[in-house]
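Below is one structure, written out as structure tokens; comments come after it.
The values are calculated or read from the model by the stated rules, or taken from the named source; none is laboratory data. Only a predicted model underlies this, so the values are computations on that prediction, with no experimental measurement involved. Positions of Cβ are generated from backbone atoms using ideal geometry, with glycine treated the same way; all protein chains shown enter the neighbour counts. Please note that ligands, DNA and RNA were not included when accessible areas were found on the heavy atoms of the full protein model with its side chains. Shrake-Rupley method; radii C 1.70, N 1.55, O 1.52, S 1.80 Å.
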Amino acid sequence: MLQRTAAATAVVLAGLSTGSAGAAEISGIPHIVSGESVVIGKTHIRLAAVAAPSPEQLCLDAAGARWTCGLSARDELTSHVDKKPWSCQTLRADSYGRTVAKCTVDGEDIGKWLVRSGWAVAVTRVAHDYAADEAAAKTEKAGLWAGAFIAPPEWRRRNKQAPVLGSVDVTPASRVTLMRGRSDSRPPSPDCAIKGHVNRSGTCIYHLPGGRWYARISMAPENGDRWFCSKEEAELASCRETRR
């Protein structure tokens, strides 16, 4: 769960400079939101050319059991970097206003580590930097590849035709599990009552309590609906605010 901004920024040291290649550099100790998203200071950063499961995503482990793989990806990254400062070269902004960047810790490419360790997949439509790392992780059944999962971009779109990846065979029932998230039909607490609803086109739209459509939205976890505790958390999870 994303901590409140005040709490997160209290432990963050961030700086902004310009690299020799002209790209902006953001540095500091991040708050890690997911396996692919962090916050440094007030800047929301998405790692370039990789896709890690959202904290809400479910997978199957090597034994075929239900597994909160999104939380595992986040926690493995948190453990690996161990509160060390990051250096991020910015590339562009994405459609949600996040900064897309390549980040290193002690000279190590974090995107490469995530893919090579099996906690993210390479986004080859953007770049082929990590394609070989993904192939190695798949061969070694590392991380997500030890079980079964839907590629994170396809899971976020709730693409029911998406192939199941990994080393475990799945039944129709377990495939349904792979398309779901951890959320229940009721909010986990009164402070986490923002509704994230996936519409028919697969777009996640969030609704604030008291909003025009809020009471009409019935939460369906099996379709990918989920609860958020803040607008910031929703937007970092690739949800946009309702426009009506």
Taking 25 Å as R0, compute the FRET efficiency from the Cβ-Cβ separation of R125 and S201 and round it to 0.05. 0.80
Can you give the FRET efficiency for A173 and R244, using 1/(1 + (r/R0)^6), R0 = 35 Å, r = Cβ-Cβ distance, to the nearest 0.05? 0.45
Sequence ranges 65-71, 160-166, 92-98, ranked by mean other-Cβ count within 10 angstrom, highest first: 65-71, 160-166, 92-98
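Taking only the Cα atoms of the chain, how large is their convex hull per residue, in Å³?
Output value, Cα hull per residue: 132 Å³.
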Solvent-accessible heavy-atom area per residue, rounded to whole Å², over region 69-204 at 1.4 Å: 52 Å²
Out of R74, R200, R156, a Gaussian network model of the chain with alpha-carbon springs under 10 Å gives the largest mean-square fluctuation to R200
Let's test the formula: R0 of 30 Å, r as the Cβ-Cβ distance of V100 and A132. What FRET efficiency results, to the nearest 0.05? 0.90
What order do you get for 233-242, 190-199, 168-177, 33-42 when each peptide is scored by the mean count of other beta carbon atoms within 10 Å, highest first? 33-42, 233-242, 190-199, 168-177
Can you check what the net charge comes to around L208, using other residues whose Cβ is under 11 Å from the Cβ of L208 (Lys, Arg +1; Asp, Glu -1)? +2
So the compactness index of region 139-244, its C-alpha Rg divided by 2.2 N^0.38 Å, takes the value 1.17
Mean residue ellipticity (222 nm) of the chain, computed from DSSP H runs ≥ 4 via -39,500 (n - 2.57), nearest 500: -6000 deg cm²/dmol
Computed curve, region 79-207, Cα-only Debye sum without solvent term, log₁₀ I(q)/I(0) at 0.09 Å⁻¹, is -0.35
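What part of the accessible area of the chain, given as a whole %, is carbon or sulfur when the probe is 1.4 angstrom?
Result for the chain: 50 percent of the exposed heavy-atom area is carbon or sulfur.
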Among the listed pairs K84/K195; K138/K195; K138/K160; K83/K138; K112/K141; K42/K83, give every one whose C-alpha distance is greater than 26 Å. K84/K195; K138/K195; K83/K138
Provide the three semi-axes, in whole Å and in decreasing order, of the ellipsoid equivalent to region 119-167 as defined by the square roots of 5 times the Cα gyration tensor eigenvalues. 18, 15, 7
